[in-house]
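The values are calculated or read from the model by the stated rules, or taken from the named source; none is laboratory data. Everything quoted here is computed from the prediction, not taken from an experiment. Here the Cβ positions follow ideal geometry from the backbone for every residue, glycine too, while neighbour counts run over all protein chains shown.
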Amino acid sequence: MNCKKIVPERDCPKLNCPVEVQYSIPEHCCNMCPDTNECDREGGLDGHHCHQNTICVNTPGSYLCQCLPGYRRIDRFNCAELDECSTGEHNCDVNAECINTQGSYHCVCKEGYTGDGYTCQPVCKHKCINGGVCTSPGKCSCPQGYTGHSCELDLDECATDTHRCTNASICVNMIGWYYCKCKNGYKNPYKDNNLGLICEDINECNSSLHSCHPSAQCKNTDGGYKCECPPERPTCKLSCKFEEGELPNGWRGLLTNHLCQECECNKGVLTCEQLKCNCSLPNMSDNNCCPECNPRHSCRHQELRHVIFNHGDHWSFQCHTCECYKGEIDCMPMICPPLFCDNPVKNPEDCCGHCEGDPCSLTTGNSSATGQSCTYRGRTIQSGSQFIDPNDRCTTCNCKDGTLCCNYNIHCGGYQRPVGYGGVVASKNVHSTSDSDNVKQSSYRQLAAHSAGPYNIESTSSETERRPKRAPGAG
């Protein structure tokens, strides 16, 4: 670094003002004349030379040409307009259009969005319900367990095959979850078994639930029965008994008081199935067995007036489960699934509580070895221990004081289900004398506002006991 000593008499500029009016500034070696405000006049030796789009700012002994807002400097005296929209130097929302103006700009939300241009939110013509969020124009992002344009429809785990019911049970869809119900020919012997479903074979032959002719012999089978004629009974018949009458073997048709079921007598076994409805066929709207085909039996959503339901459709509204029944909306309080965590969470906007984290974790609840043991497929599992299901390598189970709780990884082995989630299975300790697959465990699925899985619940209503209830929100 080179330094040069300034000698005022030699190095300072000659001043054109009297010595008595000259003054000095701290840290400056040279005196100065009283300042002239060049900004007071334009041009000449004593005025400023700032051009358009600038403002003159006086400084000691000189002046600056400062650019107006929305303009950028070209040189000492000139500034040009700044196009903030082209340079990206604006604060418009990502979903807004930037419009350049003289010296500034303004923002306008794009079509399908609303706001002041600096903040724009998507607009959904129809409200997103059941915890859904409007994420783009006209599109709701639905929480797990719901679907539809406005998240108004329950995701049917039974229809999408995302359930874990056994061959001895059928999947019954609920709003946000499902449960497993024993098929005809099976029963659940445990009325208080809320945590799992056990389906045992019914011996129709011992309980007079068969239709074999009195001359035939009833023989029980797994989930059913068959009728046989012993050699010593030459007059034996394989016809079917029905009420006080008799139907010949091979008969097929409709029974009195069962006009919407097609029945068949096959070697003494009488079976009936509900008639299948194809609403695309002509005159189906007048078929009394197919009310879902009759537009007069449809229902309109209580809030989303553009949503129409057919007879038999279910949906949720204001923490109620609603059904369209022959043109009338029938609602009842939503049934929430049992939870297996110690401290379930229920937010103000939730209809049902839910578990946060892993309800099967051995770090919660009584998971010590001194707790009650579990029984699984004939094996005794000590409390606090973990094992892999020998028949399903994708399922890992923990025994927690008599409760068997299992994590089921649906992505295990590359198998992909239609709806991706990590299932959790839980079953209360039940001692069984068989190692068969009769024990059906309960599944748990954590949702944004619900928990889901198969559970055993008592039937709350039947077709003959139905009484329409006032629908929430109905006029």
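Quick notes on this one:
- Taking the criterion of being assigned to a loop (DSSP other than H, G, I, E, B) and modelled with pLDDT under 90, the residues of region 241-260 that qualify are Glu243, Glu244, Thr256, Asn257.
- Test: residue in region 285-293 that is more than 28 Å from Trp315 (Cα to Cα), surrounded by 11 or more Cβ atoms within 10 Å (Cβ to Cβ) and touching a Gly at 6+ places or on another chain (Cβ under 9 Å): no
- Candidates in region 245-259 are the residues that are touching a Cys at 6+ places or on another chain (Cβ under 8 Å) and exposed (fewer than 14 other Cβ atoms within 10 Å of the Cβ); of these, the one that is farthest from Cys293 (Cα to Cα) is Pro248.
Conditions (1) surrounded by fewer than 16 Cβ atoms within 10 Å (Cβ to Cβ); (2) not small (Gly, Ala, Ser), marked per residue:
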site	(1), (2)
Asn206	yes, yes
Leu209	yes, yes
Cys212	no, yes
Asn220	no, yes
Gly224	no, no
Cys227	no, yes
Pro231	yes, yes
Pro234	yes, yes
Leu238	no, yes
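- Glu42 in contact with a strand residue (DSSP E or B) (Cβ under 9 Å, 6 or more places away or on another chain), closer than 30 Å to Glu81 by Cβ and surrounded by fewer than 14 Cβ atoms within 10 Å (Cβ to Cβ): yes
- On inspection, Glu38 fails the criterion of being charged (D, E, K, R), modelled with pLDDT of 90 or more and more than 30 Å from Asp154 (Cβ to Cβ).
- Residues that are assigned to a loop (DSSP other than H, G, I, E, B) and either touching a helix residue (DSSP H, G or I) at 6+ places or on another chain (Cβ under 6 Å) or not charged (D, E, K, R) (or both) were ranked within region 72-89; the one that is surrounded by the fewest Cβ atoms within 10 Å (Cβ to Cβ) is Gly88.
- Tally of residues being surrounded by 13 or more Cβ atoms within 10 Å (Cβ to Cβ), of a type outside the set (Gly, Ala, Ser) and not in a strand (DSSP E or B) across region 90-115: 5
- Each residue in region 217-272 was checked for being free of Cβ contacts under 8 Å to residues at least 12 places away in the same chain and among the aliphatic types (A, V, I, L, M), and 1 of them qualify.
- For region 87-110, the condition of being in contact with a Cys (Cβ under 9 Å, 6 or more places away or on another chain), of a type outside the set (S, T, N, Q) and within 30 Å of Ile175 (Cα to Cα) holds for none of the residues.
- Subset of region 116-155 that is acidic (Asp, Glu) and buried (at least 18 other Cβ atoms within 10 Å of the Cβ) - its residue that is nearest to Gly312 (Cα to Cα): Asp154
- Matching entry among Cys279, Cys272, Cys265 (being surrounded by fewer than 16 Cβ atoms within 10 Å (Cβ to Cβ) and not in a loop (DSSP other than H, G, I, E, B)): Cys272
- One residue stands out among those in region 375-391 that are touching a strand residue (DSSP E or B) at 6+ places or on another chain (Cβ under 8 Å) and at pLDDT below 75: the one that is farthest from Thr166 (Cα to Cα), which is Thr375.
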